[in-house]
Each structure stands twice: as structure tokens, then as C-alpha cells.
Amino acid sequence: SHEKKDEIADAQKLYQSVLLNFPMNRRARDGLAALNKSQQNNIIKNPPQEVIDTLINLYNQGQLKAMAEQAQALIKQYPRAFIIWNCLGVANLNLGEVDQAFKALKKVTELNPYYADGFNNLGVALQEQGKYEEALQACKQALLLKPNYVDAYYNIGNIFKDQGSLKKAIEMYKKVISLKPDYAKVYNNMGIAFHNQLKFDQAIAAYNKGLELNFSSADIYCNMASSLKNQGKINESKEALNKAISLKSDHAEAHQNLGYSLLNDGKLKEGLDKYEWRWKTSKNIDKQRHFMQPMWDGQQSLVGKRILLWCEQGVGDTIMWSSRLSLIASQAKHCILECQPKLVPLLKRSFPNVEIKSEDRSLDTQRHDFDYHLPMGSLYKNFIQELSKTDKADAYLVPNHLRVDYWKKRLKSLGKGPFIGIGWKSANMSPSRLQNYATISELSPILKLPDVTFINLQYSDFANDLAQVQDDIGVTVHNFDDLDHFNNIDDVAALCSALDMVVSTQSTVPLISAGVGTSTKLATWKPSTWNNILHKPVGPLVDRFERNTWEAWENIFKSIAEDIKKL
């Protein structure tokens, strides 16, 4: 049955299994022999070398689509030629067609289970699918077939890096450098691993070594810029980004990161123009929506027109950017906002003149209920003049007043005020975000303030931290177990409104508390890509306290504590 379906590897395994238990079974012996003979014949009967050279030349010229199309056509002529399947897989992999690449490369390993390149490429496809353990097995199989296979070691290092096993990744990259000291791209990924360990000096050293071997690598300059920025070397970071762009004018990540730096400098127009490059970065391509109607560029009149605004990033960004809804709603005949479902109740109440709906992408190309559309992150770009005029904004989120009263009564049942809510980290604590967050112990200057009742606003992974505060400082941070902090955003807004103050690092928490008008003390990391107009909390009572990279968080919270004492 497997053989008829051309599932050669499965057929071989099954014949071998039969022979383990019944060594004299003639059908299994003959079937396995025929398969092996057929496979060897097919391996030998590859297409002429000039055909393969044509595909390789297309790859070297970057003509990946043509390479994939030609390989697909050749497969009809040579259906069991593993080398053609491998070319098809590699082309699809580089085109971002990961599932198609996986199918082709899986076929390669079935047709020729002795082809190391096939297993290595299959490992890359599996890694792209997020199947890290299977990817490791494929790359290890490549090493069994071809010891000291540099690309396989390199890919294993990349898999470890993506898994967050940074120490193992660095060890694997070092293995590559003993084997091949002039392998430039390994230094780039080693730099990323060091960067994610917050070892910025070592990251920059790795990047510099990579540039010695490949001085024209835009990727290395772009990654080096991030490490320089995290060291607080802002001007050097900008120089690296500009160098990356000079080497590769369409380097989307470099343009976007330069945009953040410009915004941090207060250069709104230049920074917001650069921010539009986000749609060409690898992580944002899938977030784009495609409609028949045009995107609003801020120039066409919206009088008598309908416009659709759609969320493009996380919940915090949607909350933040909704602070500008009134600017566009006042110009259009009708304004629709599609957002995450859990934000609908709060935003419906806050913006009664806007049609608030849950995001639905299923009918994008068939919709006729609007004339223009706009991703929420582009709102600022089209209202630069209005934004530059205001320093302080009014509260724009309207909580459920019945729930505010409810939470005020709950708070009073705990003791006397003032009642201060605290937040210190995010649900996403990936290495690239760690500098934005503090540990609970670093909030000790706040938590030691006398005659204050503290309320937990952390929405994930907080139980051990609250126990630590109780044990180390003897302070209770009250948590309401019946409140779903992550999903019930509407009730979180009501609780924030009932509090006297909120102290937090950069997360969704201060965006909500600022939006409902509660006094908000924000502890932020100065070089952060969030430390600009696109991500700063909006509200009438927001005070920001910035930490330089070399400073301890505890010093920032001391400053906040002194500020609270004055009140």
C-alpha cells in the first residue's frame, strides 16, 4: 500500500520490520530488494548536469520564482530525481512558502535517505514551521551522513537560538568557527545570541568579526545597531542603521529601527514616514490586510465618506492608538474600528460615535461597507500637526461606572487608602524585551512606602513574585482572584479607575490606567523602541521616569517613591 502511494521510506521501514520478526519472509525480502534496486536506479537517473546547473544559476541570481517554476516542470519529467526536488524545496524555502518547501524536502529524504543536504534543508523547513525537535533530528541525521558538516552545525545553532537555548547555540556556533573560521554569517547569529543574553560587548565583538569577513553585510550592521542602542550609544546605533541602508536601500528592519530612533528624538514626520517600512519586515508581512478599497493617505477629504480602521499589533497598541480615534471620526461620515474581541465592550462605551467590531478578515476582498481603510499604526502619520500641539491629553477610556463603584467598595474592604496598583513585567518576556521590565524585588522602594495598600495588576505569572514580596518585605500585594486580568479588559479598566494611582513598567497596564484618567507613574527604559509618541501612555496624569541602560531599576523606583511621598 505504501509503495503504491510512492511512500518509499514508509514501505522500506515496514518491510524491514517484517523481516526482523520473520527473516525468511520471501515477500518482504523481495519487496525490499526491489525497492532498493529501484531507488538506486532512480538516484543514478538524474537529469543531465546542464539542467541542474540552470537551476543553480537561477538560485545564484536570486530568481527564486523562476527556479521554483522550472523545478516544478522538471519533476514531471524526472519524478524521482531527488536533486530536482531539493532545488524545488530550497526555492520555496527562500520564497517563504514553508509548507511547500517541507513537502518537497521530505520527498528528497525519502528518495535518497543518504543525501545529507536534503536532511539539512529539511531541518531548516521544520525550524521555520516551529517544529524544533523534529528540525534538530533532521540536522543531526545530516551530520551522521556527513560528519563535520558546517551548515548542519550552523542550523542546529540557529534552532537552539530560536528555542531560547542561547548557551547551546553559542557552543554550536563556536563549533562552526573551528571547522570554518571564515564563515561570516555565523558571527551574525552568534552576535544575536549574545545580544539576547544581554551581553552587548560580546555581541558587538562578534558582529565586528563578521564585518571583517563580509564588510558589506547590511544585516550585521542592522543587528549591531540594536546592541549599540541597548548600550545607550544612540548616535553610533544610528550610524550603523544608516550604513545598513546604504548597503541595502530596501532593508526594511533598518528603516523601521531608524524610524524609532528619529521618533525618540522627537522628529515626528521623519520617524513616522520610516515607520511605514514595518509592512515590508518579515514579521509584519502576514499582518497586512488586502482590500479592494484604497488606504487613506491623509490627503483625500473624508466628508461624506466611510473609513475602516483595523488593529495591526497587540492589545496594548490598539488601546494606545484608539486615543486618536476622535481625530478621524470627526472628519468622516462613518468610522468603523475592528479590534481584538476583548476590547469591544470598553471601546464601544468609550467611542459611541464609532462602530466598534471584532476583527474579521474572512471577507476582506469582498467588503463594500467603507470607502477607505487605514491600519491603526498609521493614524499618527496623518495627524502630525494635531499631535504636535498637545502635551497633555484628556482621559479617553470610559469604564463601566457601576463596576468602578463595585471596585471602590472592594478596595475599602481591604483597609484604608491610598490604593496603588502595580505592574512590573509583560506576558511576553522574550530576550529582546527584557530590558523594559523589572523584577518584583526592584520595586522595593515603592513597596516599602508606609500606609499604602498595594493591588496586583500583573496579568500573568505573578504568584511567586507576590509570595516573595510577602516573605522578603512583609508586604501584602492584594490580588483579586475572581478578576481575569488578561481577558476581562473592561473590568481591569474599572479597577484602574477605582485606584488612586498605578505604578508600572511599560505594558498594557499603564496604557489602561492612563486612558481612564488615573494618576500613572511609568518606569521606562530610555533607549526602548517604545519610548516615543507611538507607544507612550496617553492621559491627563502621566509621569514618566526614564532608566538609562547602565542604571539599576531600583534607582528609578526610588525616584518614583520620592515623588509619591510629596503627594
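The values are calculated or read from the model by the stated rules, or taken from the named source; none is laboratory data. Because the structure is predicted, anything quoted here is derived from the model rather than measured. No Cβ is skipped: glycine too gets one built from the backbone with ideal geometry, and neighbour counts run over all protein chains shown. Just the protein is used for accessible areas: all its heavy atoms, side chains included, with ligands, DNA and RNA removed. Shrake-Rupley method; radii C 1.70, N 1.55, O 1.52, S 1.80 Å.
Okay, here's what the table says:
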{"read-out": "The chain: calculated mean residue ellipticity at 222 nm from DSSP helix runs of at least 4, using -39500 (n - 2.57)", "value": "-16000 deg cm²/dmol"}
{"read-out": "Semi-axis lengths (Å, descending) of the ellipsoid that matches the C-alpha gyration tensor of the stretch 403-535", "value": "22, 18, 14"}
{"read-out": "Overall form of the stretch 1-142 per C-alpha gyration tensor (a/c, 1.5; a/b vs b/c)", "value": "oblate"}
{"read-out": "Given charges at beta-carbon only (K, R positive; D, E negative), |dipole| of the chain in Debye", "value": "500 debye"}
{"read-out": "Alpha-carbon centroids, the stretch 54-123 and the stretch 145-191: separation in whole Å", "value": "23 Å"}
{"read-out": "Rounded tilt (10° steps) of 98-111 against the dominant C-alpha axis of the chain", "value": "30 degrees"}
{"read-out": "Residue pairs, from the table K161/K267; K357/K536; K287/K348; K140/K280; K348/K389; K106/K199, whose Cα atoms sit over 29 Å apart", "value": "K161/K267; K140/K280; K106/K199"}
{"read-out": "The stretch 281-398: relative contact order as a whole-number percent, Cα under 8 Å and 6+ apart", "value": "37 percent"}
{"read-out": "Mean Cβ count within 10 Å, highest first, over the residues of peptides 159-166, 508-515", "value": "508-515, 159-166"}
{"read-out": "Ranked order, I473, I422 - accessible area, probe 1.4 Å, largest first", "value": "I473, I422"}
{"read-out": "Counted charge near A203, where neighbours are those whose Cβ lies closer than 13 Å (Asp, Glu -1; Lys, Arg +1)", "value": "+4"}
{"read-out": "Among beta bridges that DSSP assigns inside the chain, antiparallel share in %, nearest 5", "value": "0 percent"}
{"read-out": "Mean Cα-pair separation over length for the stretch 123-181, i.e. relative contact order, pairs under 8 Å, 6 or more apart, %", "value": "27 percent"}
{"read-out": "Pairwise centroid distance, computed over Cα atoms, of the stretch 194-232 with the stretch 326-398, Å", "value": "39 Å"}
{"read-out": "Accessible area of the chain divided out per residue, in Å², using a probe of 1.4 angstrom", "value": "48 Å²"}
{"read-out": "Interchain or long-range residues, amide H under 5 Å from R547's placed H", "value": "T524, W525, K526"}
{"read-out": "Under Karplus coefficients 6.51, -1.76 and 1.60, residue-wise ³J(HN,Hα) of the stretch 469-481 in Hz, glycine/proline x", "value": "4, 4, 6, 7, 10, x, 10, 8, 9, 6, 10, 8, 5"}
{"read-out": "Folded to 0 to 90 degrees: helix 200-213 orientation relative to the chain principal axis, Cα", "value": "40 degrees"}
{"read-out": "Relative contact order (%) - criterion: Cα under 8 Å, at least six apart; region: the chain", "value": "8 percent"}
{"read-out": "Sorted peptide list for 16-25, 375-384, criterion being average Cβ within 10 angstrom, highest first", "value": "375-384, 16-25"}
{"read-out": "Where only alpha carbons of the stretch 151-301 are counted, the Rg and the Dmax (Å)", "value": "17.6, 63"}
{"read-out": "Square roots of five times the Cα gyration tensor eigenvalues for the stretch 137-192, Å", "value": "17, 14, 8"}
{"read-out": "Per-residue ³J(HN,Hα) for the stretch 125-133, Karplus 6.51 cos²θ - 1.76 cosθ + 1.60, θ = phi - 60°, Hz, x for Gly and Pro", "value": "4, 5, 4, 5, 7, x, 9, 5, 5"}
{"read-out": "Cα-Cα P(r), the chain, percent of pairs per 20 Å interval", "value": "17, 42, 31, 10, 0"}
{"read-out": "Calculated from backbone phi, Karplus (6.51, -1.76, 1.60) coupling profile of the stretch 491-507 in Hz, x at Gly/Pro", "value": "6, 4, 4, 5, 5, 4, 5, 7, 6, 7, 6, 10, 10, 7, 7, 6, 7"}
{"read-out": "Segment D369-E128, extension gain: residue separation times 0.36 nm, minus the distance between their alpha carbons", "value": "83.1 nm"}
{"read-out": "For the stretch 174-261, alpha-carbon Rg relative to the globular expectation (2.2 N^0.38 Å, N residues)", "value": "1.03"}
{"read-out": "Prolate/oblate/rounded call for the stretch 257-400, Cα gyration tensor, a/c under 1.5 rounded", "value": "rounded"}
{"read-out": "Amide H contacts of L337 (H built 1.01 Å from N, under 5 Å, at least 5 apart or other chain)", "value": "L309, E355, I356, K357"}
{"read-out": "Rounded accessible area of L411 (nearest 10 Å², 1.4 Å probe)", "value": "0 Å²"}
{"read-out": "For the stretch 367-446, convex hull of alpha carbons as volume per residue, Å³", "value": "260 Å³"}
{"read-out": "Listed peptides 124-133, 463-472, 524-533 by packing density, highest first (mean Cβ within 10 Å)", "value": "524-533, 124-133, 463-472"}
